[in-house]
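The values are calculated or read from the model by the stated rules, or taken from the named source; none is laboratory data. What you see is a predicted model, and the numbers here were worked out from it, not measured in a lab. Cβ coordinates were reconstructed from backbone atoms using ideal geometry, including for glycine residues, and neighbour counts include every protein chain displayed. Protein only, heavy atoms only, side chains kept; ligands, DNA and RNA dropped before computing areas. Shrake-Rupley method; radii C 1.70, N 1.55, O 1.52, S 1.80 Å.
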Amino acid sequence: NMGFHASARREEEANPADAVAVAPAGGLFGTGLSEWFALPIGVAAAVPILKFDWYVVNEETQLLAVFLAFCVTLYTQGGDVIYKTLDEKAVNLLKEHTAAEDKVIEALEQKLVFLKANQNMVNDFQAINEIREESYAKLNAAGAVKPHHDLKAQVERIIGMIAAEEASVTEKLKSSLMAE
């Protein structure tokens, strides 16, 4: 039992033979003029509406017709020039934007390289601290030897002074013994 279903046909379900070939219109009423000219003509040629005074043509209507004619003429005659001018500006702006983005990307890539290079910075500082600790231990060991060496030199100097004093006392004693 099938229920009612009301949805539009999908494009893939549509039969290409059902499509109706539409020939190009060939301009305004087949004259070759742009269809845009129909707008001011339609506004100015609304005779039945005007004849029965359903719509009163005044200066505003005439301004509208002139403005629409101007817009149509500008679009058909100068549209390409305006498009090319704006497109050129857009292309130049896009080039400048792309160049600025490339510079930013290059700077970010350099920063990435720098950060990758500094990735082992913690390990480097740990190695430096280990070398510093080893150096301090070696300096302390050298410092422990140096005071012994200084003490030895000091003791030798004192012993030398004592020996000189003893020699002097001995000479004095000999002299005093000889004098008696």
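Observations on the structure shown:
- Dimensionless Rg ratio for segment 38-147, taking C-alpha atoms and the 2.2 N^0.38 Å reference: 3.08
- Using only side-chain charges placed at the Cβ, +1 for Lys and Arg and -1 for Asp and Glu, the dipole size of segment 24-151 relative to its Cα centre rounds to 220 debye.
- Here the accessible area is traced with a 1.4 Å probe on the protein chains. For segment 100-177, carbon and sulfur cover 63 percent of it.
- Looking at segment 51-177, the accessible area is 91 square angstrom per residue; that uses a 1.4 Å probe and ignores ligands, DNA and RNA.
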